[in-house]
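First up is the structure itself, then whatever we jot down about it.
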Amino acid sequence: MEKAILSGGKKVAALLLAALLAFSMFGCGGDEDTSDQVIGTWALDYDMGPMISEEMGDEYADFQSPLEVSIRFDFDEDGNYRMYVDEDLFRTNFNNWMTAFAGYMSEELYQQIEAEGVDRATADQMIQETYGCTAQEYMTQLLQQSIDVDSLLDEIESTGGYEARGEKLFMADHVGWKLSCDLFQNIRQCNIIK
């Protein structure tokens, strides 16, 4: 599940940033250095819920819950960038997402138990006796044990270098991927190069 959250997260953030910058740099042209138009902090909000659901696969296709993140990009005058998320907002929204997913998983558990001929009241009693909590509390505990929010936040954060030339933004982090994007044309012309 943690992999599903991280998978594509940085790529999505970079593409969203390119779209945001496209609106601010629409008058630029040629190959002149336009990095001064990028300097500062850029913020955008993005719902990662659908992406996570897709990454989790068909087994969870009917689970939908928003996971709004506020992605920040700091561009300095020396050609460096830092990408990160608003941590407090992420923790709050992630806990809400996890509560919704625990509810979904609890319902799945009940359906499996009922398929075995056990009613919910009996299932609740069995779960309470075995785990000392409700089905949803048990699922929440499992999720909290399997997902380290601090690690997620560390993985989402990245730093690297950037350059803006004309209508193109070039970014490279220290992990080995680069983003080259034509900001004036269409966001679909952005490429992430591993």
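The values are calculated or read from the model by the stated rules, or taken from the named source; none is laboratory data. These figures come from a predicted structure and were not determined experimentally. Note that each Cβ is placed from the backbone with ideal geometry, even for glycine, and that neighbours are counted across all protein chains shown. Surface accessibility is based on the protein's heavy atoms, side chains included, excluding ligands, DNA and RNA. Shrake-Rupley method; radii C 1.70, N 1.55, O 1.52, S 1.80 Å.
Criterion first (open to solvent by 70 Å² or more (accessible area, probe 1.4 Å) and either among the acidic types (Asp, Glu) or within 24 Å of GLN136 (Cβ to Cβ) (or both)) does GLU68 satisfy it? Yes; evaluated as a whole, the condition is true for this residue.
Would a scan of the range 89-108 turn up a residue that is more than 22 Å from GLU155 (Cα to Cα), in contact with a helix residue (DSSP H, G or I) (Cβ under 6 Å, 6 or more places away or on another chain) and aromatic (Phe, Trp, Tyr)? No - not one qualifying residue is present in the range 89-108. A search for C-beta distances below 9 Å between a residue of the range 104-123 that is assigned to a loop (DSSP other than H, G, I, E, B) and any residue that is open to solvent by 40 Å² or more (accessible area, probe 1.4 Å), counting only pairs 6+ apart in sequence or on different chains, returns VAL118/MET126. With the condition kept exactly as written, say whether any residue in the range 138-151 is touching a residue at least 24 places away in the same chain (Cβ under 8 Å), charged (D, E, K, R), over 30 Å from ILE39 (Cα atoms) and assigned to a loop (DSSP other than H, G, I, E, B). Scanning the range 138-151, I find at least one residue that is touching a residue at least 24 places away in the same chain (Cβ under 8 Å), charged (D, E, K, R), over 30 Å from ILE39 (Cα atoms) and assigned to a loop (DSSP other than H, G, I, E, B), so the answer is yes. Of note, LEU143 does not satisfy the criterion of being closer than 22 Å to THR41 by Cα and aliphatic (A, V, I, L, M). One residue alone among ASP62, ASP76 is open to solvent by 80 Å² or more (accessible area, probe 1.4 Å) and either of a type in the set (Asp, Glu) or in contact (Cβ under 8 Å) with a residue 60 or more places away in the chain (or both), and that residue is ASP62. Per this entry, MET105 is not counted among residues that are under 26 Å from GLY161 (Cβ atoms) and not charged (D, E, K, R). Does GLN128 meet the test of being more than 24 Å from GLY49 (Cα to Cα) and part of a helix (DSSP H, G or I)? So GLN128 passes the test.
Looking across GLU167, GLU129, GLU163, one residue alone is over 28 Å from ASN93 (Cα atoms) and open to solvent by 80 Å² or more (accessible area, probe 1.4 Å). It is GLU129.
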